[in-house]
Structure formats: structure tokens, C-alpha cells
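Read through the structure below, which is laid out as C-alpha cells, and then see the notes.
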């Protein structure tokens, strides 16, 4: 990506750009066009003569009464540092702004690093965590959705939804990912966790249109016998 030139001119974000202030300047110019003098305009609007004189002169010189763009503070990062931050975000999208700042060695605040990353079109999101599905799993889910796409409300009220859940001692750690639009599910943007040495417990639950059912502990591996035993209970 080509580094854009750095412009140190920004529109002001002060009282000078409020609508009522711009309207007041317009009234000054309006009275001036109606051939009223500086002293009379000052008296009619309750504004100092210096202010009236300023905006009349500005209008004559530039043809408008808008606030001029003001020079902003020069950027801390150089074009080379900008490219370095960009490459770091592309190479390790799961890194934080603090880590990128530390690893690149650029002398700036992590907030500055975050802004430079956003300048490249990347934004911070929670990375996707997806269940591994085979082609058979995908086909089965598609068939189920198509088979019951047109059933009525009465049928849905007779259905019980059940599932088992494995609870793990591995804590869910918050992560972030710097990614471009429409790239959330790219393989390198998906967070993968290591579960070696974890302690787990399995539970079975169910629900239907009335509400949530009971939870049942699953001892051992969930199989057909375990499932039948849970239903009989």
C-alpha cells in the first residue's frame, strides 16, 4: 500500500464552527451588503467593531466567512514508521497496539499506533471462533434447514431441542484482531486455543417453546446408551 502524504491541515473543531457562529457571520455580511457601516452593524448585532471589521475584510478578500483550516500538530510517526506499523498489523493481526508498539520499537503511544493501523483500513474486532465442520456436517445442516423451512408454528411447539455441552477449565481469554472489511473468517484471523491439560465436565440440556428444561450431568463419554438413559430420566 502506498503511503499517503501527511497533511498537517485539519478543519477546526472549536466554537468557531458552530452553526450559530456561522449564522452570526452571515448576518454581518448581509448587513454589509445592504450598505450599513461597521459601527451600525456592531450596534445591531451586539458584536464588537473589531469582529465586524474582521469578517467584512475576510469576505472581501476570500469571498466567504468560514473558519480557515488550521495547522495541526505534526504527526509523531514518520512515513517509514507508518509502513512498519502497517506491516506488523498485516503480519500478526491478532497482536494488540501495545505489543506492536513495543515490537517495532517506534517511539509513540499505543493510541497513536492504533490510529495509524486504522488509517490503513483495519479495525479492531473480536476474532471469529468457529467449530470444525466436515463436508458431511455441512450437508446435514443444510438438509435439516431445507426440510423444516416451511413447517408451521404448531409443529415447532411440539419440538424439543437438546444438546450437550463440554465445560472446560481453560479460560476464555479476550483477544482482538486487526482486519480489513469482509476478512473476518480468513484462516489467519481465527483465534485457535490450546486445551492441553484441561479439566472438563459435560452437561446435557434441553428446551422447547415453553421454556428451558433441566440440566443433567454426563458421566463418561456421550454415546447412544448415555443419551437413552438421559431421556428415560
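Here are some notes:
- Fewest-first sequence of 202, 34 by Cβ atoms within 10 Å of each Cβ: 34, 202
- Cα shape, the range 38-182, gyration tensor, a/c 1.5 rule: oblate
- Extension gain for the segment residue 66 to residue 21, taken as residue separation times 0.36 nm less the Cα-Cα distance, is 15.2 nm to one decimal.
- Projected area averaged over orientations for the range 79-121, convex hull of C-alpha atoms, nm²: 2.5
- Cβ crowding within 10 Å ranks 35, 167 as 35, 167, fewest other Cβ atoms first.
- Euclidean distance of C-alpha centroids, the range 93-121 and the range 202-233, integer Å: 47
Every read-out reported here was derived from the displayed coordinates using simple, explicitly stated rules and does not represent laboratory data. Just so it is clear, the structure is predicted and the values come from calculations on it, not from any experiment. We place every Cβ from the backbone using ideal geometry, glycine too, and count neighbours over all the protein chains shown.
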